[in-house]
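Data first, discussion second: the structure below is written as structure tokens.
Computed from the coordinates by the stated procedures, all read-outs in this text should not be read as laboratory data. Fair warning: this is a prediction, and the values are worked out from it, not measured in the lab. Here the Cβ positions follow ideal geometry from the backbone for every residue, glycine too, while neighbour counts run over all protein chains shown.
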Amino acid sequence: MTDNRMITVKGVAKLTLPPDETAVRIGLTGTDADYRCTVEQSAEDFQEVREALEALGFGNDDLKTTRFDISPKREQVRGDDHEWKWEQTGFQYRHDAVLVFNIDNEKLGQVLHALSQCESHPAIDVDFGLHDEGTAKDLLITTAVHDAARKAQALAKAADVTLGEIADIEYSWTDIEFRSTLMSYDSVPAAAECFDAPHLLDMDITPDDIKVSDSVVVRWRIE
């Protein structure tokens, strides 16, 4: 006979953690009618950004590429028959990279100012995160399981039963974002006037704490 004497409890964990690293995400795009020229432009634009950051003391390995692709660029044109159709007009490239460093307002201001001087007009996203996300994730899981155990003990006591061994644990293993966004610009020129302001070279920013939550479902047998 199947033993249906079970207690099922959902444990919940919520953590508020101070971020300890800054991530500046840089996006470069460009188009040209010729494929080779598009490739050359992508290399030149990325080199310009790299040199701007090297002038601040960053090394070649500090700027990490996260995406790179070159694809045909198509536009809708109206033909002689007055019908609209797609026509290839050239090629476009996209090169995304990220620069990560310990939280430092002065350094962040210098990075934004240096990028604002680049003729490649990179898009920018700035967010703050945790260097050791694995430890934070483990803490969330541990806290959620402890919460489930506390609730199960309370239920068992109220029902005047005794908890047995754990029969099953369900966990979703979903990705958790341990980051908070500060600013986002499609291109630096849109905010160049702001970035060129002297006060941004010594930014006074207190990053918002990172708030995350997780849950786990635990089933205990009842003795």
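Direction-averaged projected area, Cα convex hull, the chain: 21.5 nm², rounded to one decimal. Taking a point 7 Å out from the Cα of L17 in the direction of its Cβ, the residues of segment 117-153 whose backbone N falls within less than 18 Å of it are 127-147. Residues of segment 1-31 falling in the label zone of A154, defined by backbone nitrogen less than 20 Å from a point 7 Å along Cα to beta-carbon, are 6-16. Taking a ≥ b ≥ c as the square roots of the eigenvalues of the Cα gyration tensor, segment 1-103 is oblate, since a/c reaches 1.5 or more and a/b is not larger than b/c. Extension gain for E106 to Q88 (0.36 nm times residue separation, less C-alpha to C-alpha distance): 2.0 nm.
Figure legend: label point modelled 7 angstrom from the Cα of D208 along Cα→Cβ; residues of segment 140-176 with amide N under 19 Å from it are 176.
Extension gain for R5 to D61 (0.36 nm times residue separation, less C-alpha to C-alpha distance): 14.4 nm. In terms of its alpha-carbon gyration tensor, segment 36-150 comes out oblate; a/c meets the 1.5 threshold, while b/c is at least as large as a/b. Assuming charge only on the beta carbon of Lys and Arg (+1) and of Asp and Glu (-1), the dipole of the chain about its Cα centre is about 1340 debye to the nearest 20.
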